[in-house]
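Bear in mind that the values in this text are calculations on the coordinates, not laboratory data. Model, not experiment: these values are computed from the prediction. Virtual Cβ from ideal backbone geometry, glycine too; neighbours counted across all protein chains shown.
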Amino acid sequence: MVFKKLKPKPGEVIELSVNIAGPSTETLVQYLTRRFAYLNEEEWTLRVKRGQVRVNERTASIRQPLRAGDALTYATAAWVEPEVNPAYRILHEDESFLAISKPSPLPVHATGAYFQNTLTALLKKDRPESRDWRLVHRLDSETSGLILVAKTSEALRKLQHQWENRSVEKTYLALVFGRFEAESRVIDAPIGAPRYSRIRIKMGTDSVGGKPAVTRFLRLGVRGKFSLLQVQPQTGRTHQIRVHLEALGHPIVGDKLYSGEEEIFLRYVEEGWGDWIRDRVLLPRLALHAHRLRFRHPQDDREMTLEDPLPPELQAFWDSLQEA
């Protein structure tokens, strides 16, 4: 697939910085191509050779291996970033962490075409002291809802440990195509990179080489040819909820990537949002919302339950549907 190139801002130059958080087996160009996919491997190779990329403040080579702690800096012309919804809200704050209601679309950190239009960049602008705060977990750009930000290294360690050992109860709300017949259902279907897809970022169910993935679904309502589901992923695979719902034949409203028809995403990348895509997915955003988190407070271990209601645009879509 081909990503659209971005419109530059004449005369403006910026430096992008990113640190390698954990062990890596990638070379510099491999990492840049995966992490910042708006340029392909050939284009990143050219920029490294031009000296636009430095590793630990030194001139880099295209085959340079990366290690944990490496600091990458990329100098480039500033660009006009795609528009986002910047209206995040703080739902809870104490000395250990923040709970934020992230709108859609809004990336949580710098990736691809986004550098300034991200949750972390907006938070640093509004709260300069947040420069040393860290995201506990991630949400996709088009997924709205609850996300936690740790204020201290101790809080980060304790909260991430809960995510890693699967002791956090995560509850999503999803508006999907079709009448979800079962009142409740558990899907146990491994997830991996599909060999048949033309889209390299897409995942799929894979009973042979996939990693275990389990999702619980509870039907909350049916209106016309649509259903409202409560979703609780028991594992944390990439795009897990979206993959499982597409496999069930109930893709999420607004999902261009897991719609059951790859042509939708390919045309969206090349042409952007338009009538042809609107007719097929209905909403410009993904109708998936991180509704509730239940976990232990990192300071005193008390149980915390935080909720973020369905955002107005999704509630309005659901309300507009006729009762079953």
Has the stretch 276-293 got any residue that is among the charged types (D, E, K, R), touching a Phe, Trp or Tyr at 6+ places or on another chain (Cβ under 9 Å), in contact (Cβ under 8 Å) with a residue 40 or more places away in the chain and not in a loop (DSSP other than H, G, I, E, B)? yes
In the stretch 82-111, residues that are surrounded by fewer than 18 Cβ atoms within 10 Å (Cβ to Cβ) and over 25 Å from LEU156 (Cβ atoms) total 4
Filter the stretch 246-268 down to residues that are over 17 Å from the mean Cα position of the chain (by Cα) and part of a helix (DSSP H, G or I), then give me how many there are. 8
Can you tell me which condition ASP70 does not meet? The list is (1) under 19 Å from ALA21 (Cβ atoms); (2) among the acidic types (Asp, Glu); (3) without any contact (Cβ under 8 Å) to a residue 24 or more places away in the chain, and all the others hold. (3)
Scan the stretch 188-204 and report the pairs whose first residue is among the hydrophobic types (A, V, I, L, M, F, W, C) and whose second residue is in a strand (DSSP E or B), with Cβ atoms within less than 8 Å and a gap of 6+ or a chain change. ALA189/THR205; ILE191/GLY204; ILE191/THR205; ILE191/LYS211; ALA193/GLY204; MET203/ILE191; MET203/GLY192
Looking only at the stretch 220-235, which residues are in contact with a strand residue (DSSP E or B) (Cβ under 8 Å, 6 or more places away or on another chain) and either assigned to a loop (DSSP other than H, G, I, E, B) or under 15 Å from GLY249 (Cα atoms) (or both)? LYS225, PHE226, SER227, LEU228, LEU229, GLN234, THR235
Counting only residues that are among the small types (Gly, Ala, Ser) and under 20 Å from HIS239 (Cα atoms), the stretch 280-324 contains a total of 2
